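Notes follow the structure.
The numbers here are math on the coordinates, done by the rules we state, and not lab data. Since the structure is predicted, the reported quantities are computational estimates derived from the model, not experimental observations. All Cβ positions, glycine included, derive from the backbone under ideal geometry; neighbour counts span all protein chains shown.
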Amino acid sequence: METVIVAFENTAMCRSFSDLLESTGTARCLTCRSGDEVRRLLASQTTYCVVCSPHLADGPAEWLSEDLPSFCSLLLVGAQHVLDHCGSDQVYKLATPIRREEAVSTVRLLLQFGHRTEGLLRSHRSSSDQETIERAKRLLMERKGLSEEEAHRLLQKRSMDTGARLVQTARRMIREYERL
């Protein structure tokens with residue numbers, strides 16, 4: 001089952017939205033209240049969709065759009081007049097009140113979009129770039145005792161933290177370990 005991050009400052013709204021997604025079998029939900037919590041969860045999970053209110057405990061949610069992997073969508077759920085103030089074209093918006101079916105179908109579409117986008121990104125990687133990424137993962141697995149999934153997540157996190165492409169991060173990591 002897919003994992004979706006659900007972040008609302010309002011705890012009841014957070015629980016309601018995550019219950020809806022889980023009860024319909026759409027996704028397993030990780031809930032939180034702040035942008036920082038969302039970022040921490042993104043670093044440890046492969047997530048294709050973040051659903052949140054326009055404002056979180058630590059600021060506007062649209063700021064998250066810059067920190068998401070390219071295959072992850074940000075869906076803001078709130079009153080239309082509040083959504084109108086969100087100027088970013090990198091976020092999806094769903095105005096309340098919404099029907100249950102509309103919320104579920106929107107999240108399902110964003111999950112499908114995330115899978116397709118990730119697949120396109122991977123297919124555009126050259127075989128030498130993919131080899132470099134695999135080599136970096138092997139080094140992490142050998143030197144840090146990580147599983148392949150953990151090594152990949154660590155590479156992704158460093159890539160996101162530095163704003164570099166995954167293959168660039170892998171090259172840097174290989175150079176670091178070769179110096180040791």
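Values for this structure:
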{"quantity": "C-alpha center-to-center spacing [segment 12-26, segment 59-87] in angstrom", "calculated": "19"}
{"quantity": "Using alpha carbons only: equivalent-ellipsoid semi-axes of segment 34-167, gyration tensor based, whole Å", "calculated": "32, 16, 13"}
{"quantity": "Under the span-like rule (Cα at least 24 Å along the axis, Kyte-Doolittle mean at least -0.5), DSSP H helices of the chain", "calculated": "100-123"}
{"quantity": "Aspartates and glutamates whose Cα lies under 18 Å from that of Lys137, excluding same-chain neighbours fewer than 8 positions away", "calculated": "Asp129, Glu148, Glu149, Glu150, Asp161, Glu176, Glu178"}
{"quantity": "For segment 84-171, size of Cβ-based charge dipole, Lys and Arg +1, Asp and Glu -1, in debye", "calculated": "220"}
{"quantity": "Fewest-first sequence of Asp67, Asp84, Asp58 by Cβ atoms within 10 Å of each Cβ", "calculated": "Asp84, Asp58, Asp67"}
{"quantity": "Label-point gap, in nm, between Arg99 and Asp129 - each point 7 angstrom along Cα→Cβ", "calculated": "4.2"}
{"quantity": "Which of Val91, Val51, Ser147, positive extreme of dipole for the chain (C-beta unit charges)", "calculated": "Ser147"}
